[in-house]
Amino acid sequence: MPVAVAAGLPWDGVAEFTKAAQEKRCDPAVWVAHVSSVLAAAGAPRPSPELSHLLVSHLCWGNNVPLAWKYVERALAANLASPMLLLALLSTRVIPSRHSRPAAYRLYMELLRRHAFSFASQINGSNFKNCSQCEDKYSISLNDTIGYFLYTKLVIMASIDDVLHLSRTFGIQACEPGVLVVEYVFFIVWQLLDATLDDEGLLELIPDKKSKWAARPQDMEIDGEGICDEKRNEHNEKLQKINSVMAIELIAHFLQHKVTSSLLSLACGNIYSALWIPIDLYLEDCIDLSVAATNAIEILSGLVKALQAANGTNWHDAFLGLWMASLRLVQREREPHEGPVPHLDTRLCMLLSITTLSIADIIEEEEVSLIDEAENNNQWREKAVGGKRRKELVSSLQVLGDYATLLVPPPSVISAANQAAAKAMMFVSGLPVGSGCLESMNLHDKTINCKLEKIFEIAISGSDDDKVSAATILCGASLIRGWNIQEHAVRFVVKLLSPPVPVDYSGSESHLISHSPMLNVVLTGISCVDCVQVFSFHGLVPELAGALMAICEVFGSCVPSVSWTLSTGEEITAHSVFSNAFILLLRLWKFNHPPLEYCIMGDGAPVGSQLTPEYLLLLRNAKILSPSNVTKNRNSQRRLPASISSSSMHPIFVDSFPKLKIWYRQHQACLASTLSGLVHGTPVHQNVDALLNMMFRKIKRGTNQSIGSGTSGSSSLSSSSGPGSDDSSVRPKLPAWDIMEAVPFVVDAALTACSHGKLSPRELATGLKDLADFLPASLATIVSYFSAEVTRGVWKPAFMNGTDWPSPAANLSTVEENIKKIVAATGVDVPSLVAGGSSPAALPLPLAAFVSLTITYKLDKASERFLNLAGPALESLAASCPWPSMPIVAALWTQKVKRWTDFLTFSASRTVFHHNNDAVVQLLRSCFTATLGLSPSPISSNGGVGGLLGHGFGSHFTGGLSPVAPGVLYLRVYRCIKDIILLTEEILSLLMLSVKEIAVSIVSKERSDKLKKTRYGMRYGQVSFASAMKRVEVAAALGATLVWLSGGSGLIQSLIQEMLPSWFLSVHDLDQEGGTGGIVYKLGGYALAYFTVLSGMFAWGINSTPVSKRRPRVIESHMEFIASALDGKISLGCDWALWRAYVSGFLGLVVECAPCWVLEVELEVLKRLSRGLRQWNEEDLALALLQMGNVEAMGAAAEMILANE
C-alpha cells in the first residue's frame, strides 16, 4: 500500500480504541466523535488516508461484524475518511470474497450506493485542484499546514491509483483529479460487471475467459476454513442471489446517473481508443473531396490486422476498436455543414458497408486458410469452417449492442433507402412505380439482392424507356444508401457504363450511341459528391475512369445535331453526354495541378497527385490482368454475382483514345508553359473566332469591332464583323473535341481583352458563362487555363471594389473573425485580411475572372455536377495565390449562399497553413499535444481521439462556430503542402520532443516519490515504465499514421532508407540538462522502433504477399544498415542506449508482429544481426530472428541452440 499507518502518530490509539469500542458495543456516534477529536488534537487532515487504511485493515477480515461496518459508514459520513479511497480499498478485498462473505459484499454495495456518486466535494476544493501542479513547481513544506494538507491530497490520489493500478491498467497517467475520477468510476463499474457475469456463469463467454479485475476467490488469498459450511448455508445462497440483483441495479444506476454516465461515456471514448487512433485518422481522412484510386476495404482490413498485431490484442478488441472508430466517424458529423462536400451518406457508407466488408475479408482470410489446411490434410468436410475471428466478431457485436442507437441512421436516410428498395421491387415486378403498395415494402427484403441483377439486365437489353427507368433505380438511393447491397450496386453501375457489344452488331458507329439515354441517366445519377466517394471507397475509380474515357472518345466526336428525346420530352445531345462524362472523369484526378509537381517531387509528392489518366489505366490493367487477383479474391468474389465481373478483360491505354490523348497533351502543355501554337487560317483558329463571336455577340460597339484571336493566341480587335457577329447566328455545329481544342485560346483572348479594358469584368463573366453553357465540359479547360496563369505572375491585379468587380467588403471582417475561431486551438496567428488604408481587396486577374464565373451559376440540381468540379478547383486556384485570396473568395461566395458560410470559412482557414510552413509545424505540434494530453486541458478533453479529432464543428452547434480539432485541420490541409519530406522530418522531431516530455514527467514523479518516501516511509504516484511506454506507443502510432497518410509508401520508403539512417548518424542530445536520467533515450529508441515498424506495416502490410514490391527492398536495406552498425562498420552519432533500445525494439516487433518480413532478408544479414544481439545478451531475440528465417536459416539456429548447451 502506498500509505502505511505509521507508529508514533495517533493511529495506534485509534486502532486500540476501535477494538475496545467494538467489544463494548460502543455507539457509532460516540466512536466517531472520539476519533474526530483525536485527529483534531493531532492536527491530522480530514479526510485522512491513514484512517481509510486502518478501518479496512481492521474490518477485513478479523472484525467482519455489523458494528465495524457502521463505524466505516460513520467515518465516511463525517468526512474523516475519503470515500473514493476507502471504497477502492474495500473493492479489492470484498469482491473476491463475495461468495464466502455475501453479507460483506452486500454492505459494500450499500456503501457504493451512498458514497460513490458524489465527487465534487472530493476533487473541487482548491487544494485538490492544484495538488497535481504544485509537486512539479515546488517542494511541499510538510511543516507548513497548507503544504501538509496539499500533500495529503496527493497521497489520497496516489493511493487510489496504486490500489486499483489505474495508470498501469489504462495507460493514462492518473495525475489529474479529473483523469483519476474517470478511471476510478470505469474501474468500479467494470469490476461489478465482471463479478456479476461470473456469478451468473457468463464470464466464460468473454474471449479471455477471465476477468480483467480481481473478481474471483482464487484471485486473492482468503480463509478456507468454514467456506464449505458457508456455501451450504441456505441463508448465504439466498444472499448471493439478492446480491446479483443488487449489483445489476447498481450498475444500472451508474449508467443512468447524470454524472457517472457522462464519466463512463468519456472513459469509453478516451481510455481504450488511443490504441486505435490510426483507424480514426484513416476513416476521417477518407471523408474528403479527394478521390483515391485504392480500395478502402483492403486498406482498412490491412490497417486493422497491423494494429491488432502491434497492440498485441485479441480479435475481439480489434473488431470493437474498428466498430467504435466507425461509429465515432458518424457521430462526429451527424449534422455536417452544407456545401459541396461529402455528407452523412459518405460516413454511413464507411460504417455500414466498408467497415463490414473489411471485417468480412479478415474473417474470410482465416477461414480460407483453415479450409486449405483441411484440404491438404484430407480432412475437408462440407461443413462450414468457423474460425476464431468469427467467434470474436460475434462477441464484439454483443458489446456493440450497447451503442445500438448510433447504428441507426437519421429517419430521412432510412426513408429514402426504403423508398429506393421499394421502387426497385415494384419495377421488377411490373408494377407502376407510383403504386400504393410502395409504402409497405422495406429495404431489408432479402430478395432485393437478386433483383439488382435483373434490373441491370433490363438496363442493358430492355426497351429504351425501361433502360432509363432501370438505370435510374440502380443509380438512386439503392446505390448511395443501400449499404447492404452497395458492394453489388457500384459494380453494376460501372458495368452499365461499359455495355457489351451485341453479338450481331454491324453498325459503323459505336454501339455506345444506342445506349445514350441510359448512359446519360447513369452519368448524372452518380455525379454527386457522395457517389464519387462511394466508388472510391470500393476501389472502382480505375475501372470507372476506363469506362468514362471510352464514352468521352465516342460522344466527343459526334456533331451536336445528334440528339435523343426521352419519353418525358427532355432532349439530350451528344454534347451533354460528353460533358457529363468528361466532367466526372476529370474529378477522378487532380487535373488542374501542374504535371511537374509530381515529376519533380517524385515519391515526395503529396498522395493523390500522381493520379493521371495513364496511372489510372495502369491500375485498371494491373487489376484485371494480375494472376494473383483471382487467387486473392477467390473467396470474397463469391459474394458477387458473376454478371458483375469486369466487362472487358483486355488492357486499355491512353493511345486507345486518340481524341482524349490530344486534349490531354494540350492540357499538360497549357499547365507547363504559356499558350502558343495557334496558326492563322487553320481550322482551330476559325473555331476560336466562331466561339468568341458566339460569346460576345451581344456586346454593342460603336466601332463595329469584335473580340478576335491574334496569330499568337493573344487577343486583338478585328475591324471585320466576323461570322458570328449577327445576334441571330446559330451556335457553332462542332464536335466537342474540336471545341475543347479551341477553348484555351478563346479564354486567353477574352482574359487579355479584359486586362486591356476592351471587355468589362461583367462582359467577361457573361461570355465565359455562355461558353460553359454551350459546352459544359469547357469548364474543365477554363479551370486548367486559369490554374496555370495564376502561377505565372504576369497579370495585373483586379481590385474588388464593387464597381468593376464584386466587392467582399460586407463579409470580409466576419470571415476573418471566423477563421481565427477555427484555428484557435492550434495557436497559429491569422494574418490580417485587410491591409492598412482604404485600398479595396485585390485578386489576381485569372482568379477574379474565375470566381466571377462561378458566382453566375445557380445552385440547382443541373448545376451541381459542374460546381462539384469548379468548387475544389476554385479553392485550389485561390490557395495558390497570395494571402488573403481564398478568404476574399469565401467572402464573395458567402454573399451568394449564406448557408455555405461554415464550409466556405473552413476552406479559407485551411489556406492559413498553405502560406506558412511554421504554421504547419505548429499544427502538427498541436496534434501531438492534443492526442497525448501534454498540455493542461479540462476533463472533457483529456487527449485521445476526442482531443485529436474533436466532435464536429459548425455554427449550428451550441455556442456557435468553435475551434476545429487539430487532427481534422491537418487532414484537410496536408494535400496542399508541397514539401512533405520536410513535413516528415518535423513529425520525427515532434515525436522525439513528445518522448522527452513523457520522460520528464516520469522523472518528476519519481523524485517526488523519493522525497515523500524519505519523510514518511511511503511511496507516492510512481508511474510505471510500462505506462510511459504506452504513451510513447500512442505518440509513435500518431506519427506513423501522419507520415503514411501524407506520403504513402513512397514517403515511408524515403523515411526508412534515408531519413532514419541519417538521424542515427547524427548527434541528438535529448537530455541536455540530465533531467531524465537517461530514461529519455530508452523511451526514444523504443518510440522510433514502434514508429518505423508501424509505418512499414501501414504501407506494405504484414501478410506473406506484400502490398508493394518495395517492401523486400526497403526491409533488406534497413536490416543491412542495422547489421553494419552492429558489426562496427558504421559510426553512429546517437546515444548508445537509444540505439540499443531501437534495435531491440525494432527487431522484436518485426519478429512478433511481422514475421513475414524476416523471410525477405538475406540469410547472411540475419546471421550478422543475430551475432550482434548475442553480444548484447539478447539470446532469445537472436534465436527467434533465425527461427523466423527460411529453411536456410535452420542450420544457423541449430548451431546457436547447441552453443548454449
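The values are calculated or read from the model by the stated rules, or taken from the named source; none is laboratory data. Only a predicted model underlies this, so the values are computations on that prediction, with no experimental measurement involved. Cβ atoms come from the backbone with ideal geometry, glycine included; neighbour counts cover every protein chain shown. Calculation scope for accessible area: heavy atoms of the full protein, side chains included, ligands and nucleic acids excluded. Shrake-Rupley method; radii C 1.70, N 1.55, O 1.52, S 1.80 Å.
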Q: Starting from the Cα of Asn1103, step 7 Å along the direction of its Cβ; do the same at Tyr664; then give the gap between the two resulting points in nm.
A: 2.9 nm
Q. Karplus couplings for the range 513-529 from phi (6.51 cos²θ - 1.76 cosθ + 1.60, θ = phi - 60°), rounded to Hz, Gly and Pro as x?
A. 4, 5, 9, 3, x, 5, 4, 5, 4, 5, 4, 6, x, 9, 7, 5, 4
Q. Which of the GluC sites (Glu not before Pro) found in the range 1040-1145 are loop residues per DSSP with 15 or fewer other Cβ atoms within 10 Å of their Cβ?
A. Glu1073
Q.
What distance in nm separates the two pseudo spin-label positions at Gln256 and Arg1174, each 7 Å out from Cα along the beta-carbon direction?
A. 6.7 nm
Q) Thr568: accessible area at probe 1.4 Å, nearest 10 Å²? A) 110 Å²
Q) How large is ³J(HN,Hα), in whole Hz, for each residue of the range 533-540 in order, when computed from phi with the Karplus curve 6.51 cos²θ - 1.76 cosθ + 1.60 and θ = phi - 60°, using x for Gly and Pro? A) 5, 4, 4, 5, 4, 7, x, 9
Q.
So for each of 286-297, 529-540 I average, over its residues, the number of other beta carbons within 10 Å; can you give me the resulting order with the highest mean first?
A. 529-540, 286-297
**Q.** Pairwise label distance in nanometres, Arg113 with Ile1201, each label 7 Å out on the Cα-Cβ vector
**A.** 6.1 nm
Q: Using a 1.4 Å probe over the heavy atoms of the protein chains, calculate the carbon and sulfur portion of the accessible area of the range 837-917 as a whole percent.
A: 53 percent
Q. For Ala824 and Lys898, what does the FRET efficiency come to when R0 = 30 Å and r is the distance between their Cβ atoms, rounded to the nearest 0.05?
A. 0.85
**Q.** Whole-angstrom gap from the range 516-538 to the range 90-118, using each part's C-alpha centre
**A.** 61 Å
Q: Keeping every protein chain in place, order Tyr105, Tyr1086 by accessible area at 1.4 Å, biggest value first, i.e. largest first.
A: Tyr1086, Tyr105
Q: Round to the nearest 10 and report in Å² the accessible area of Leu275, as given by a 1.4 Å probe over the protein chains' heavy atoms.
A: 50 Å²
Q: Could you run the Karplus curve 6.51 cos²θ - 1.76 cosθ + 1.60 with θ = phi - 60° over the range 452-457 and give me ³J(HN,Hα) per residue in whole Hz, x for Gly and Pro?
A: 4, 5, 5, 4, 4, 4
(Q) Under 8 Å for C-alpha pairs, at least 6 residues apart: give me the relative contact order for the range 1066-1143, rounded to a whole percent. (A) 56 percent
Q) For Glu375 and Ala41, what is the calculated FRET efficiency with R₀ set at 60 Å and r taken between the beta-carbons, to the nearest 0.05? A) 0.15
Q) What is the extension gain from His511 to Glu570, computed as 0.36 nm multiplied by their sequence separation minus the C-alpha to C-alpha distance, in nm to one decimal? A) 19.0 nm
Q: Quote to one decimal, in nm, the extra length available between Ser832 and Arg1140 on full extension: 0.36 nm per residue of separation minus the C-alpha distance between them.
A: 105.9 nm
Q: Set the Förster distance to 51 Å, then compute FRET efficiency between Ser760 and Asn917 from the Cβ-Cβ distance, nearest 0.05.
A: 0.80
Q.
Taking amide H atoms as placed 1.01 Å from N in the peptide plane, list the residues 5 or more away in sequence, or in a different chain, whose amide H sits under 5 Å from that of Gly482.
A. none
Q: Quick one: which residues, 5+ away or cross-chain, put their amide H under 5 Å from the amide H of Ala842? H built at 1.01 Å from N.
A: Met800
Q) Using the Cα atoms of the range 753-819 to build a convex hull, what is its mean projected area in square nanometres? A) 6.1 nm²
Q) Based on the mean of other beta carbon atoms within 10 Å per residue, what is the order of 870-880, 755-765, most packed first? A) 870-880, 755-765
